[in-house]
Amino acid sequence: MEELKNKNEAVAEVEETDVPLDKNVRLMSPTRMVVRRFFRSKLSIVGLVMVIGLFLFSFVGPLFYPQWGETELDKSGKTKYTNSETTYTVDGVEYTLRQTVETEVEDNFLAPPSASHPLGTDKQGYDIFVRLMYGGRISLTVSFIAVFLISILGVILGGIAGYFGGVVDNVIMRICDVLICLPGIPILLIISTILDASDIDAKYRIYLLMIYLTFISWPGTARLVRGQILSLREQEYMVAAEAMGYSTQRKIFKHLVPNVMPQLIVSMSLSLGSMILYEATHSYLNLGVKPPFAAWGTMINIISTDTDILQNYLNVWIPAGVCIVIAVLGFNFIGDGLRDALDPKARR
């Protein structure tokens, strides 16, 4: 009892002092708390390093390795020679002229790793190291743009469906059901056949691939946003916004959607890894980027038709597979870290 009495007296003395309590208390903002939680996770930091490293390799790397271009063939292979004989007659005497003629230079294909080609060359004579960089540009760009478009479309349609409900909700959700049920690969095969018949430039096919990926992937985001908004629209602050007479657009995109962003950010980061696998699968099936342009999936596609390269030339296809694994793992590590950092139930 005596000890408790002394403690109470000490607290009373502190309360009677004129020193403001807020000077002794350091408040942490929610953003700073999320960042602190994120960087406490070692896997999050590893994933961030992996993703940043891939971006620097793909977008900055070609500036420091200008020896070869993405579509530039190495013509420094062996020279082909052919022997020719020409017969002619002079003063009744027949002479035969034999000579060796240089016909063409072979491409330096399937060259082993060297100082000129750190990872060697592929079956056509392209530098594998350079094509890894440019292939990373396409794979990463397609994934980011597709996820960005999917998120925008999913937030708009999912927000409208969750807020209005009723007939609007039923129509949008039935559209989602139909798109989810569509067979993706057979439809892509049909689209690819049409594109081949229409002679569209290979470098523009990548944009059509992004449109297709967006078209078949937005229902998942829309369902996530709709489910969150169905629970948030009954909260007290939404009742207050209704009483203030705010417009529907403001209530959806200023009050509801920002509260869905934590879950949406996690979903987007995890979707990036899935989208890279999706693009690589399409390119592997020869449905994505067409040669001479490179993508990681296209570089692996060669083993589907040539078992000799699969068994004897590991330097041709393994580096692209390693880049895909690093990208997917990096984005998944970042997504897991964001999920833990944005969890409101987490205490540390």
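Laboratory data are not the source of any read-out in this text; all were calculated from the coordinates shown. Here the structure is a predicted model, which means the values were calculated and not measured. Neighbour counts are summed over all protein chains in view; Cβ atoms, including those assigned to glycine, are modelled from backbone coordinates with ideal geometry.
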* To do: For a footprinting-style exposure proxy, rank Met268, Met275 by other Cβ within 10 Å, fewest first.
  => Met268, Met275
* Among Ile303, Pro291, Leu270 the positive-end extreme of the charge dipole of the range 220-348 (Cβ point charges) -> Leu270
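Within 12 Å, Cβ to Cβ, of Pro66, how many net charges do the neighbouring residues add up to if Lys/Arg are +1 and Asp/Glu are -1? All intermediate terms of the calculation are to be shown ahead of the outcome.
Values: positive: none; negative: Glu70, Glu72, Asp127.
Residues near Pro66 contribute -3 overall.
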* Structure fact -> Dividing the alpha-carbon radius of gyration of the range 170-317 by 2.2 N^0.38 Å, where N counts its residues, gives 1.45
* In Å, what Rg and Dmax follow from the Cα atoms of the range 147-208? -> 16.0, 46
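Of the GluC sites (Glu not before Pro) in the range 212-273, which ones lie in a loop per DSSP and count no more than 12 other C-beta atoms within 10 Å? Kindly include the intermediate steps, with their values, before the conclusion.
On the way: sites: Glu234, Glu236, Glu242; in loops: Glu234.
In loop regions of the range 212-273 (DSSP not H, G, I, E or B), the sparsely surrounded GluC sites (Glu not before Pro) are Glu234.
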* Asked: Counting only Cα, what are the radius of gyration and maximum Cα-Cα distance Dmax of the range 257-348, in Å?
  -> 17.6, 55
* To do: Just report the Cα centroid separation between the range 140-195 and the range 27-63, whole Å.
  => 29
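For the range 176-326, what is the charge dipole size about the Cα centre, in debye to the nearest 20, if Lys and Arg each add +1 at the Cβ and Asp and Glu each add -1 at the Cβ?
Details: 9 positive and 10 negative charges, 111 e Å.
Here the size comes out at about 540 debye.
First obtain the Kirkwood hydrodynamic radius of the range 113-229 from its Cα pairs, then insert it into the Stokes-Einstein equation at 25 °C and 0.890 mPa s, and state the resulting D in µm² per second as a whole number. Don't skip to the end; give the middle numbers.
Numbers: Rh = 16.9 Å.
Diffusion coefficient, whole number: 145 µm²/s.
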